[in-house]
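So the structure is just underneath, and the comments pick up after that.
The values are calculated or read from the model by the stated rules, or taken from the named source; none is laboratory data. What you see is a predicted model, and the numbers here were worked out from it, not measured in a lab. Every residue, glycine as well, gets a Cβ built from its backbone with ideal geometry; the counts of neighbours run over all protein chains shown.
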Amino acid sequence: MTASLLVFCSLFASVLPQEEPKPPASPVEATEVIEIGGQEMPGPGPEHAIFKEWQGTFDFVNKMRMGPDQPWMESKGVSTSKLEFGGFWLISRDEFQIMGAPFVGQGTMGYDPMKKKYVMSWVDSMTPHFTNAEGTYDAATKTMTLIGDMLDPATGTPVKTKFVTIMKSADEHVFQMLTPGPDGKDFLGMEATYKRRK
């Protein structure tokens, strides 16, 4: 089914006789309303509000290591993020170097109200496949934890990967990537600290 047909079906369904809309079950489910062609369409909800703090240009220091007993490799980079597509999606672009080679990656992050989960996708200049992950946000600790599969470049097998973002403040956040270590416990293979460019 093409995208234009999906949009037509959605708009057609919206003009059919329907029951009076019920109030949302909780404030979390309430959304903004966007008007398109005289029809009201659901807009971004409160779950998307956290992304407003993540917008902007950030300088970051990235640390990587290949194993628990391996030394950290450090590099510096720049990240730009902006809410796009009606405020539903945070589009981020990171640029830095890995072992002297230029690296560019792009992430898309949002909230899926059907799954009631935060979702993410990632592509970059060093891998021919993309990564998807989904998970939750803990407002008390200001921590987002997403889990997905990344392919092992040596074997091509999926590796369960945890992506954690910790909001230190509106101007600083820490991103961590963890995979199962030799002992089965989470192994911190990458950590990047982002600070907003003044």
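Put simply, of Gly110, Gly105, Gly135, Gly100 the only residue that is free of Cβ contacts under 8 Å to residues at least 60 places away in the same chain, of a type outside the set (Ser, Thr, Tyr) and either more than 23 Å from Met73 (Cβ to Cβ) or not assigned by TED's automatic domain parsing to the domain that holds Thr155 (or both) is Gly135.
For the condition aliphatic (A, V, I, L, M) and in contact with a strand residue (DSSP E or B) (Cβ under 7 Å, 6 or more places away or on another chain), what is the one hit in Ala139, Ala133, Ala101? Walk me through how you get there before you give the answer.
On the way: Ala139 fails: in contact with a strand residue (DSSP E or B) (Cβ under 7 Å, 6 or more places away or on another chain); Ala101 fails: in contact with a strand residue (DSSP E or B) (Cβ under 7 Å, 6 or more places away or on another chain).
Within the list Ala139, Ala133, Ala101, the selection yields Ala133.
Report the residue count in the stretch 138-147 for those that are crowded, with 16+ Cβ neighbours inside 10 Å and either in contact (Cβ under 8 Å) with a residue 40 or more places away in the chain or not β-branched (Val, Ile, Thr) (or both). Residues that pass the stated criteria total 2.
Of the listed requirements (1) within 23 Å of Gly67 (Cα to Cα); (2) among the hydrophobic types (A, V, I, L, M, F, W, C); (3) free of Cβ contacts under 8 Å to residues at least 24 places away in the same chain; (4) surrounded by 13 or more Cβ atoms within 10 Å (Cβ to Cβ), Ile91 misses just one: (1).
When you look at Met126, is it surrounded by 14 or more Cβ atoms within 10 Å (Cβ to Cβ), modelled with pLDDT under 95 and farther than 18 Å from His48 by Cα, yes or no? It is false that Met126 is surrounded by 14 or more Cβ atoms within 10 Å (Cβ to Cβ), modelled with pLDDT under 95 and farther than 18 Å from His48 by Cα.
Taken over the stretch 85-139, residues that are touching a Gly at 6+ places or on another chain (Cβ under 9 Å) and aliphatic (A, V, I, L, M) amount to 7.
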